[in-house]
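Asker: Take this structure, written in C-alpha cells, and hold onto it; I'll ask about it next.
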Amino acid sequence: MKTQHLLTLAAGSALFLTASPARAQSVLNGTFDANDEAFTAFPGYIGGANPTIDSWSSVGQTGINGGASCCTPFAPAAPSEGPFAFIQGQGSLSQTISGFTIGDSYTLTYLDAARFGDDGDTNTLTATIGTGSLQTTPVSAAWNSRTLPFTANATTLTLAFTTGTPPNDQTLDIDSISIVPEPTSLALVGVGLAGFLGRRRRS
Ligand SMILES: [Ca+2]
C-alpha cells in the first residue's frame with residue numbers, strides 16, 4: 001500500500017475513533033450540589049428533617065455538610081466549596097453507574113478530608129470501582145485530591161467509598177467525584193501512525 005493511502009487510512013481511523021459517540025457513564029450528584037439546601041438540621045446527618053443524599057446509597061452515619069442551609073461541624077480546617085458528604089465511624093457511600101465499555105480505561109477523581117479536630121485519630125477511606133481500589137488516610141488540614149485509574153470489567157459498576165473500623169467517631173469527608181474515560185489505545189495507535197507517516201512524507 002502506498003504511503004498516501006496509509007496516511008489517509010490512518011487519519012480516517014483517528015478521526016473515526018475521535019468522533020465515536022461519548023459514553024454514557026457519569027457520576028450523579030458527585031459535587032453534592034443537589035443537596036445544597038436540603039440538609040437543614042444540625043449536624044447534618046441523614047434522618048429527621050434531613051433527607052437522604054440524592055443518587056447515593058449510604059450505610060452507617062452519613063450526611064451532608066457545607067450546604068447553604070446548615071452547618072460544617074465535620075469539615076476540615078480548610079474551607080470547602082459548597083456541600084460535601086461525610087461518613088462518621090464505619091460506613092459507606094455508593095452509587096451504581098451504567099454505560100461503561102468492558103476493557104476500557106477510566107480515571108476516577110475525588111477529594112477527601114478528615115474532620116478538623118480529629119488529628120491523631122485517623123480512619124481510612126477506600127474507593128473501589130471496576131479493577132481499581134485506593135485506600136487513603138485523609139488528613140484534616142485540607143482537601144486531598146485523589147486519582148484512581150481503573151479498567152471497566154462490566155458495563156455497570158458500583159462506585160463505593162468505605163471507611164475503616166475506627167474506635168471512635170472519626171469522620172471523613174468526600175467531594176467533587178467524577179469519572180472520565182481515557183483515550184483508547186487503538187486511538188493512540190491511529191494518531192501515532194498518522195504522525196509517523198506525516199513525518200516520513202515530509203522528509
Ligand atoms: Ca461540593
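Any read-out appearing in this document is the output of simple, stated calculations on the displayed coordinates, not a laboratory observation. Values in this document were obtained by computation on a predicted structure and should not be read as measured data. All Cβ positions, even for glycine, are placed from backbone atoms using ideal geometry, and neighbour counts span all protein chains on display.
Asker: Compute the length gained on full extension between PHE42 and VAL180: take 0.36 nm times their separation in residues and subtract their Cα-Cα distance, giving the result in nm to one decimal.
Answerer: The span from PHE42 to VAL180 would gain 46.2 nm if fully extended.
Asker: Would any residue of the stretch 118-160 have its amide N under 13 Å from a label point 7 Å out along Cα→Cβ of ALA77? List them or say none.
Answerer: 118-120, 139-143
Asker: Order of 165-174, 148-157 by packing, highest average Cβ count within 10 Å first?
Answerer: Sorting 165-174, 148-157 by mean packing, highest first, produces 165-174, 148-157.
Asker: Once you keep just the Cα pairs under 8 angstrom separated by 6 or more residues, what percentage relative contact order results for the stretch 23-183?
Answerer: The value is 29 percent.
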